[in-house]
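Asks: Have a look at the structure that comes next, please.
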Amino acid sequence: MKKALITGITGQDGAYLAEHLLGLGYEVHGIKRRASLFNTDRIDHLYTDLHQDAARFILHYGDLTDSSNIIRLIAEIQPDEIYNLGAMSHVQVSFSEPEYAANVDAMGLLRILEAVRLAGLSQKTRIYQASTSEMYGMVQQIPQTEKTPFYPRSPYGVAKLYAYWIAVNYREAYNMFISNGILFNHESPLRGETFVTRKITRAAAHMALGLDKTLWLGNLNAKRDWGHAKDYVKAMHLMLQQDQADDFVVATNRTTTVRHFAIMAFQRLGVELRFEGQNEQETGIVVSSSNPDFVFTPEQIVIRIDPKYYRPTEVDLLIGDYAKAKEKLGWEPQVSLETLVEEMVDADLELVKRTLTLKNQGLKFYIPQQQ
Ligand code: NAP
Ligand code: F7E
């Protein structure tokens, strides 16, 4: 039985990857951070009682900023594969916490690589590094491939670029099996609530049932190549099954504006939107609403701009060419953007309905503010 160690197992990708690897028969170890509240919502369904002999899903406390913890865990677990997904992954937050972003997203991988070497595992353990399309930043080529020069535009992107290159350097210097997956944006119902897609689907669902009135967004013109996380974790695994370590773009080769994503999300709720105005005065307005169960009214303004969501430097356009992944890994995206949007809106609607049921039963509930 192969053993995998996943950092960032409590995140969106960690949850999908853990499920995928368990399905393939792996023993899956995950590193979770200590938090004052439970932070394992996304993986609770995978948990089995450790007192059972056959438990194949094992969580360990840890943190990518703590070298001694990483060294001890890797030496104890002796994993066949490590998936380094742990990161301070929010681009805008990285402008507020640049040093922390560098510590986790750049130095975190270095700590793992040194821990693998110290444990004498450099020829045994294969390593996946969660690299990102944010490294392309101010894009030098359209679409972006593995050969496109990088030009990061945020402390997050810069930190990830260090990790990318230290992965390449250790591969060449020590002949270690380390692959970079250059993944473009991927989303799902498990996406963190402060990333733009989930923020939109969640707010639209709240508005449909009368729990919110306005969605405040930043740059509607930004274009992203959005795929489904469930598809993308399969590419991560495939990268570590190859004869040689290498770097791969994982994307859909289709790009869409934030504005159009919002139009698609509201469409799923039977609402036709139009946009009026320029820059900070732009608004998203209901033209018509066809579902009598929802409380939208014509001419209702559902989207407004708050410049606090603008970034000091923005990534305007991302679109990835995944031809190499297709040729060498046999990987292709399966879920279309339309299906992804529908899945996310439907899941958020279900969540809101559950919240309302709790409220109707007199149980305390709260709606976290938009961030
Ligand atoms: P996510 O949902 O934000 O999950 C990040 C994970 O990292 C969480 O489990 C988080 O733990 C953990 N983490 C944060 N700081 C840590 C620390 N100091 N030590 C250990 N773990 C820490 O991100 P995701 O969307 O699943 O993305 C997974 C990885 O792929 C990240 O490295 C991200 O940068 C990269 N990536 C993501 C995308 C995308 O579109 N999703 C695209 C390209 C690359 P808590 O749950 O405790 O916060
Ligand atoms: O922003 C614009 C924002 O925060 C997408 C991470 O997983 O993917 C993700 O990073 C776009 C940006 O994702 C709001 O300015 C407008 O242009 O959803 P996001 P991201 O920055 O692309 C990459 C590949 C990663 O590696 C990262 O880890 O949407 N936008 N209005 C907004 N963004 C947010 N968050 N909130 C807004 O209100």
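The values are calculated or read from the model by the stated rules, or taken from the named source; none is laboratory data. Predicted model only: the values in this text are computed from it and were never measured. Cβ atoms come from the backbone with ideal geometry, glycine included; neighbour counts cover every protein chain shown. The area values use the complete protein model at the heavy-atom level, side chains included, leaving out ligands, DNA and RNA. Shrake-Rupley method; radii C 1.70, N 1.55, O 1.52, S 1.80 Å.
Asks: Using Cα positions and a limit of under 22 Å, work out the lysines in reach of Lys2, with same-chain residues fewer than 8 apart set aside.
Replies: Reachable lysines: Lys32, Lys124, Lys230, Lys234.
Asks: In percent, what relative contact order does the range 15-86 have, based on Cα pairs under 8 Å that are 6 or more apart in sequence?
Replies: Numbers: 52 pairs, mean separation 22.4, N = 72.
Reported as a whole number, the value is 31 percent.
Asks: Per the helix-only calculation at 222 nm, which mean residue ellipticity applies to the chain, given -39500 (n - 2.57) for every DSSP H run of n ≥ 4 and division by its residues, nearest 500 deg cm²/dmol? Could you put the intermediate results ahead of the total?
Replies: Working: 11 runs with 131 residues, N = 371.
Only helices count here, giving -11000 deg cm²/dmol.
Asks: Just need the relative contact order of the chain here, percent rounded to a whole number, with Cα pairs under 8 Å and 6+ apart.
Replies: Working: 733 pairs, mean separation 58.9, N = 371.
For the chain, the relative contact order is 16 percent.
Asks: Could you please report the charge total around Asp212, scoring K, R as +1 and D, E as -1 over all other residues with beta-carbon less than 15 angstrom from its beta-carbon? Walk me through the numbers on the way to the answer.
Replies: Working: positive: Arg198, Lys199, Arg202, Lys213, Arg304, Lys353, Lys359; negative: Glu193, Asp306, Asp348.
Charge balance in the 15 Å sphere: +4.
Asks: Then there's this: Which semi-axis lengths, in whole Å and largest first, follow from the square roots of five times the eigenvalues of the Cα gyration tensor of the range 1-154?
Replies: Numbers: eigenvalues 155, 63, 55 Å².
After diagonalising the Cα gyration tensor, the semi-axes are 28, 18, 17 Å.
Asks: Further question: About its Cα centre, how strong a charge dipole does the chain have in debye, to the nearest 20, once Lys and Arg get +1 and Asp and Glu get -1 at the Cβ?
Replies: Details: 39 positive and 45 negative charges, 73 e Å.
Around 360 debye, computed over the chain.
Asks: Can I ask one more? Rg to Rh ratio, the range 239-348, alpha-carbon atoms and Kirkwood radius? Write out the running numbers ahead of the final one.
Replies: Details: Rg = 18.8 Å, Rh = 17.1 Å.
That ratio is 1.10, to two decimals.
Asks: In Å³ and rounded to a whole number, note down the convex hull volume per residue for the Cα atoms of the range 59-133.
Replies: Details: hull volume 6.9 nm³, N = 75.
Each residue corresponds to 91 Å³ of Cα convex hull volume.
Asks: Further, regarding this structure: Taking amide H positions as placed in the peptide plane 1.01 Å from N, state which residues far from Ser122 in sequence (5 or more) or on other chains have amide H under 5 Å from it.
Replies: none
Asks: Counting other Cβ atoms within 10 Å, keep those with at most 14, restrict to DSSP loop, and tell me which trypsin sites (Lys or Arg not before Pro) in the range 94-192 are left. Don't jump to the answer; show the numbers that get you there.
Replies: Numbers: sites: Arg111, Arg117, Lys124, Arg126, Lys147, Arg153, Lys160, Arg171, Arg191; in loops: Lys124, Lys147, Arg153, Arg191.
Qualifying residues, ordered by number: Lys124, Lys147.
Asks: Could you quote the convex hull projected area for the range 27-103, Cα atoms only and averaged over all directions, in nm²? Walk me through the numbers on the way to the answer.
Replies: Details: hull surface 26.3 nm².
If you wrap the Cα atoms of the range 27-103 in a convex hull and average its projections, you get 6.6 nm².
Asks: If eta is 1.002 mPa s and T is 20 °C, what Stokes-Einstein diffusion coefficient results for the range 136-181, Kirkwood Rh from Cα pairs, in µm²/s? Mind showing how you got there, number by number?
Replies: Values: Rh = 11.5 Å.
Translational D for this selection: 186 µm²/s.
Asks: If packing is taken as the average count of other Cβ atoms within 10 Å, what order do 97-108, 35-46, 284-295, 223-234 fall into, highest mean first? Walk me through the intermediate numbers first.
Replies: Values: 97-108: 19.3, 35-46: 12.2, 284-295: 14.2, 223-234: 22.4.
Ranking the peptides 97-108, 35-46, 284-295, 223-234 by packing returns 223-234, 97-108, 284-295, 35-46.
Asks: Can you send over the carbon and sulfur percentage of the accessible area for the chain, probe radius 1.4 Å, protein chains only? Let's see the in-between values first.
Replies: Values: 8400 of 17110 Å².
Carbon with sulfur: 49 percent of the solvent-accessible area.
Asks: Below 8 Å between Cα atoms, with a sequence gap of 6+, how large is the relative contact order for the range 71-230 in percent? Write down the numbers at each step before the final one.
Replies: Details: 219 pairs, mean separation 36.3, N = 160.
With pairs under 8 Å counted, the relative contact order is 23 percent.
Asks: If you take every DSSP beta bridge fully contained in the chain, what fraction is antiparallel? Give it as a percent rounded to 5. Intermediate values should be presented prior to the final figure.
Replies: Numbers: 11 of 46 bridges.
The antiparallel proportion sits near 25 percent.
Asks: Considering the chain, what Rg and Dmax in Å follow from its alpha-carbon atoms?
Replies: Gyration radius and largest Cα-Cα distance of the chain: 21.2, 66 Å.
Asks: Next question, about the same structure. May I ask you to give the average projected area over all directions of the convex hull of the Cα atoms of the range 1-43, in nm² rounded to one decimal? Kindly include the intermediate steps, with their values, before the conclusion.
Replies: Working: hull surface 11.1 nm².
Result: 2.8 nm².
Asks: Along the charge dipole of the chain, Cβ charges K/R +1 and D/E -1, which of Ser94, Val249, Leu22 sits furthest on the positive end?
Replies: Farthest towards the positive pole: Ser94.
Asks: Let me ask you something else. What fraction of the Cα pairs in the range 186-226, stated in percent, has a spacing above 15 angstrom?
Replies: In whole percent, the long-distance tail amounts to 46.
Asks: May I pose another question? Express the accessible area of the chain per residue in Å², computed with a 1.4 Å probe while the remaining protein chains stay in the model.
Replies: On the way: 17110 Å² over 371 residues.
Here the residues of the chain average 46 Å² of exposed surface.
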